[in-house]
Amino acid sequence: DSGVTQTPKHLITATGQRVTLRCSPRSGDLSVYWYQQSLDQGLQFLIQYYNGEERAKGNILERFSAQQFPDLHSELNLSSLELGDSALYFCASSVAGVGNTIYFGEGSWLTVV
Amino acid sequence: SQQGEEDPQALSIQEGENATMNCSYKTSINNLQWYRQNSGRGLVHLILIRSNEREKHSGRLRVTLDTSKKSSSLLITASRAADTASYFCATDALESGAGSYQLTFGKGTKLSVIP
């Protein structure tokens, strides 16, 4: 158990809908990361927050947004969902930045039908 | 875009044999990390090697890093059926800093250890 908690574990939704994925980082970790894993694209970095502020942005679509709250939990919002958004979404956390081990949650399986 | 590229894409060995996986990357890095992922599960951190280190051991794992060749290898000795998983290398770019930290993953090596 990495200590990173993600909910929900699985969800199925229709195209055009909006979903919110939730992440609780490990106790004491200030950085939260979101990654998307799909068969064709592999593991793609989406976005990083550090102590509530956005610090790095990767291949995150404009239809997606994220935030980190004062209690350090984070949410990833996916809107206007398309079939291609079906993937495993990971949240990860670390104490701080460079050189620190990043711990991953078990992921949220999103299926868009 | 992928920074690390693992080789081979798939590897099948008998229990007790050693497994070697390679990773090549393109740009200068601060650190390189190896992760394991069981099918459909989260990634488990195995080992981190810094750019000024050449070799690191952890139990049955041995990682080497050659920054001049921009490559790393992961050796698993005396493999077990429970080692069956996908293995990923991940790098962070040299310009990471000021709280910005982004790991870039390769596509992984799928290891099958046959009992």
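Taking all pairs of distinct Cα atoms, average 1/r, flip it, and tell me the Kirkwood hydrodynamic radius of chain A in Å to one decimal place. Can you show the working numbers first?
On the way: mean 1/r = 0.0722 Å⁻¹.
Answer for chain A: a Kirkwood hydrodynamic radius of 13.9 Å.
By the scheme Lys and Arg +1, Asp and Glu -1, what is the net charge of all other residues having a beta-carbon under 10 Å from that of B:Tyr101?
Details: positive: A:Arg55; negative: B:Asp92.
Net of charged neighbours comes to 0.
At 0.36 nm per residue, and after removing the present C-alpha to C-alpha distance, how many nm does the segment from B:Gln9 to B:Glu55 gain when stretched out fully? Working shown, then result.
Working: separation 46, 0.36 × 46 = 16.56 nm, distance 2.29 nm.
Net length gain for the segment: 14.3 nm.
Two decimals is fine: what's Rg over Rh for region A:39-85, C-alpha atoms, Kirkwood radius as Rh? Write down the numbers at each step before the final one.
On the way: Rg = 11.8 Å, Rh = 11.8 Å.
My calculation of the ratio gives 1.00.
For the modelled label position 7 Å from the Cα of A:Trp109 along Cα-to-Cβ, which residues of region A:1-44 have backbone nitrogen atoms closer than 11 Å?
A:9-12
Going down the table (A:Lys57/B:Lys26; B:Lys69/B:Lys107; A:Lys9/A:Lys57; A:Lys9/B:Lys110; A:Lys57/B:Lys56), which pairs top 22 Å between alpha carbons?
From A:Lys57/B:Lys26; B:Lys69/B:Lys107; A:Lys9/A:Lys57; A:Lys9/B:Lys110; A:Lys57/B:Lys56, over 22 Å: A:Lys9/A:Lys57; A:Lys9/B:Lys110; A:Lys57/B:Lys56.
Percentage of Cα-Cα pair distances in region B:16-115 greater than 21 Å, rounded to whole percent?
31 percent
Restricting things to alpha carbons, find the Rg to Rh ratio for the protein assembly as shown using the Kirkwood radius for Rh.
Numbers: Rg = 17.4 Å, Rh = 17.9 Å.
That ratio equals 0.97.
Looking at region A:9-113, which GluC sites (Glu not before Pro) are in a loop (DSSP not H, G, I, E or B) and have at most 14 other Cβ atoms within 10 Å?
For GluC sites (Glu not before Pro) across region A:9-113 that sit outside H, G, I, E and B with at most 14 neighbouring Cβ atoms in 10 Å, the list reads A:Glu62, A:Glu82.
Computed from the coordinates by the stated procedures, all read-outs in this text should not be read as laboratory data. Quick caveat: nothing in here was measured; it's all calculated off a predicted structure. Cβ atoms come from the backbone with ideal geometry, glycine included; neighbour counts cover every protein chain shown.
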